[in-house]
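Here is the structure we will look at.
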Amino acid sequence: LSLESLLIGVLATALAAAIGAVAAALCVRLPELDDAPDRAPVARALAGALRFAVRGALAFFRSVPDVVWALLFVRMIGLGPGPAVLAIALTTGAIFGKLFAELAEAVEPESIRALRRIGVGRLGILVHAVLPQIWQQWTGFAFYHLECSVRSASILGIVGAGGLGTEIALDMRYFEYDKLATALLA
């Protein structure tokens, strides 16, 4: 069960990093050129609406605790580690998305403007100007959150989402405190 909790945390963190990177790419606001022609008002409004919607979704998914998501996913999918992976990935992915977007918006803007001057698109700017400046913070935060995800995975079994929490819930239910102490130490 310890290995299962560890694997739930690793898989959930990997999935969360992917969710966060995609969400950040959708909601990050990149600096424009000072002398650039104005974009069409409709395109500018649509881009703003997309950023607002993605940031709103990130705030919503971040605000609901992973144990609530796990309980919902257990009801929809069934018992086992799958609901725990999805619950942790959803909550942590929203946290990653917000953090990744904020880090991307805080980068030095001159490299972005230089790429804009030669006609590089949004994805190219994100890959070649933004990512090199922030990848160390991204990976550091992802590894930090890996530990949090493993701890969450150890507890989510209480609602039926696999891992050590399943054993903890059973030991508490049957008043087997010696086994409970061993599970907590694990």
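Please treat every number below as a calculation from the coordinates, not as lab data. Note that the coordinates shown come from a computational prediction; the quantities given were computed from them, not determined experimentally. In this analysis, Cβ positions are derived from the backbone assuming ideal geometry, glycine residues included, and neighbour counts consider all displayed protein chains.
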*Base-10 log of normalised Debye intensity for the stretch 104-143 (one unit scatterer per alpha-carbon) at q = 0.19, 0.21 Å⁻¹*: -0.52, -0.61
*Might you report the magnitude of the Cβ-based charge dipole of the stretch 1-94 about its Cα centre, with Lys and Arg at +1 and Asp and Glu at -1, to the nearest 20 debye?*
260
_Just to be sure I understand the model, the point goes 7 Å from the Cα along the line to the Cβ. What's the resulting Leu123 to Ala43 distance in nm?_
1.7
_Nitroxide proxy distance, nm - points 7 Å out along Cα→Cβ at Lys179 and Ala14_ = 3.2
*Evaluate E = 1/(1 + (r/R0)^6) for Met76 and Arg29, where r is the Cβ-Cβ distance and R0 equals 30 Å; express this FRET efficiency to the nearest 0.05.*
0.30
*Calculate for the chain the 222 nm mean residue ellipticity that helices alone would give, adding -39,500 (n - 2.57) per DSSP H run of length 4 or more and normalising by residue count, nearest 500 deg cm²/dmol.*
-25000 deg cm²/dmol
*Where N is the number of residues in the stretch 31-153, Cα Rg divided by 2.2 N^0.38 Å*: 1.33
*Indicate the helices, whole DSSP H runs only, in the chain that combine a mean Kyte-Doolittle hydropathy of -1.0 or more with a Cα extent along their long axis of 20 angstrom or more.*
2-27, 41-63, 81-105, 131-155
*Just the number, please: Stokes-Einstein D of the stretch 1-95 in µm²/s, Kirkwood Rh from C-alpha pairs, 10 °C, 1.306 mPa s.*
105
*Taking a quarter of the surface of the Cα convex hull of the stretch 108-186, what do you get in nm²?*
7.3
